[in-house]
Each structure stands twice: as C-alpha cells, then as structure tokens.
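The values are calculated or read from the model by the stated rules, or taken from the named source; none is laboratory data. As the structure is a computational prediction, the values presented were derived from the model and not from experiment. So basically every Cβ, Gly included, is an ideal-geometry build from the backbone, and we count neighbours across all protein chains shown.
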Amino acid sequence: MKFPSLGAAFGFAALLSACAHPMVISPDIVHIVPDSSTKPIPKNVGFYISEDKRALEVTTPGGGGDKVSYHPYADTETAFYKMLSNVFLNVTVLKTANDSEALGRGQLSFIIIPDFRADSSSSGIATWMATDFSFEITCSVRTLDGTQVAVESATGHGKAELGELIKDFSLSGKRAAEDALLKTQRALLGDAKLRN
C-alpha cells in the first residue's frame with residue numbers, strides 16, 4: 001500500500017485550509033427598528049441593486065488562516081429595504097436603474113444606489129470563524145434626472161466570542177451589517193437636503 005509523500009500531505013492540508021467557509025450575514029430585520037426620536041422623511045424613493053451585485057460573492061479572512069465567503073448584497077437587501085422604509089414614506093425596488101414603469105407610477109423623489117463593502121478577521125487561531133467584522137454602506141441619493149443630492153456613508157462593526165460563534169458562525173457579520181444599517185438610517189434621517 002502506498003502512502004502520500006509528506007510534501008503531498010502538506011499540500012493537501014494547505015488546500016483545505018485555503019477553502020472559504022460560506023456564511024450568511026443577513027441581520028434579523030426585527031432589530032432594524034424605526035428611530036422614535038426623528039420623524040420619517042415624507043417622500044417616496046426607489047433603490048436599485050444590479051443583478052451583478054446581488055450575485056457578488058466576497059471572500060475575506062477568517063481564523064486559523066482560513067477564509068469566509070458571503071454575498072453582501074443578497075444577504076442584506078431585505079434588511080436594507082426595511083431600513084429605508086423606516087426613513088421614507090414609501091420605498092420601491094427598481095428592476096433597472098431607469099425602471100420606467102416604477103418611475104412612472106411611483107411619484108419618486110429620489111433614487112438610492114447603495115454600495116456595500118465588508119471585511120473580516122479573527123482573534124482566534126484554532127477555528128475558521130471570523131470573530132470581527134466590518135460592514136460599510138454608502139448611499140448615493142439622486143434625483144430622477146441623475147443629479148446627486150447627497151452621499152451618506154456609515155460603517156458598522158460586529159464582534160462575537162467563540163462560544164457565540166459555535167451557535168451561529170455568522171453572528172459577527174450579522175452584527176456588523178445591523179450596526180451599519182442603523183447608522184445609515186440615522187445619517188439619512190439627519191440629512192437636511194433630503195427633507196427639502
């Protein structure tokens with residue numbers, strides 16, 4: 001019986017450690033609550049996320065030399081919609097950046113184009129799970145003719161201990177996305193240009 005060489009065994013181990021572990025960082029929308037201290041903006045808006053962005057898979061560092069992978073747009077789109085619904089009177093999901101059907105019937109004041117960026121790391125070396133996450137949201141707010149009215153950015157941070165991650169290995173990512181969404185909500189509500 002032949003056994004693999006030591007070099008081949010190390011190579012196989014390295015290949016395994018290079019694999020990205022899939023996560024889903026969707027925050028619980030129950031936690032995306034309205035800001036009771038500020039009135040919503042009485043305007044209708046649409047937001048657009050392209051299919052390419054929905055399909056985008058991101059790979060970032062985990063623990064022990066491993067990596068984690070997730071879909072930042074697909075995972076958080078529902079919670080992003082809920083956040084915008086807390087800020088504005090009505091929110092419409094646009095099929096295209098120039099969705100004529102929705103633009104025609106929605107009486108929209110603004111179109112919002114979000115950009116999401118995420119990163120992760122781990123303080124542990126004995127597990128692949130990411131203990132620390134950051135999630136940045138940038139919202140470009142435009143009029144229907146494409147004029148940019150405002151840009152609001154916020155970065156959320158999420159941390160989870162190993163004992164928590166064993167129960168939910170996506171927890172730090174979920175916390176970061178939730179934190180970013182609530183910070184974005186405050187930033188949009190506080191932008192006077194959107195109320196004019």
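For this structure, a couple of remarks:
- Ile166 satisfies every condition listed in (1) part of a loop (DSSP other than H, G, I, E, B); (2) among the aliphatic types (A, V, I, L, M); (3) at pLDDT below 95 except (1).
- Just one of (1) farther than 21 Å from Pro72 by Cα; (2) touching a Lys or Arg at 6+ places or on another chain (Cβ under 9 Å) fails for Asp145. It is (2).
- Selection status of Ile137, buried (at least 23 other Cβ atoms within 10 Å of the Cβ) and β-branched (Val, Ile, Thr): yes
- Checklist (1) in contact with a strand residue (DSSP E or B) (Cβ under 6 Å, 6 or more places away or on another chain); (2) among the aliphatic types (A, V, I, L, M); (3) in a helix (DSSP H, G or I) applied to Ile25, failing item: (3)
- Restricting attention to segment 41-78 and to residues that are surrounded by 14 or more Cβ atoms within 10 Å (Cβ to Cβ), over 17 Å from the mean Cα position of the chain (by Cα) and not charged (D, E, K, R), the residue that is modelled with the lowest pLDDT turns out to be Gly63.
- Residues satisfying the stated conditions in segment 97-123, i.e. closer than 23 Å to Leu165 by Cα and surrounded by fewer than 17 Cβ atoms within 10 Å (Cβ to Cβ): Arg117, Asp119, Ser121, Ser123
- Qualifying positions in segment 79-88 - hydroxyl-bearing (Ser, Thr, Tyr) and either over 18 Å from Arg175 (Cα atoms) or modelled with pLDDT under 95 (or both): Ser85
- Residue satisfying all of: in segment 127-154; among the hydroxyl-bearing types (Ser, Thr, Tyr) and under 24 Å from Ala20 (Cα atoms); farthest from the chain's Cα centre (by Cα) among these: Thr127
- Residue in segment 104-111 that is over 11 Å from the mean Cα position of the chain (by Cα) and among the aromatic types (Phe, Trp, Tyr) present: yes
- Residue list for segment 89-121, filter: among the basic types (Lys, Arg) and at pLDDT below 95: Lys95, Arg105
- Residue that is within 27 Å of Val68 (Cβ to Cβ), basic (Lys, Arg) and surrounded by 22 or more Cβ atoms within 10 Å (Cβ to Cβ), where the choices are Lys183, Lys159, Lys174, Lys167: Lys174
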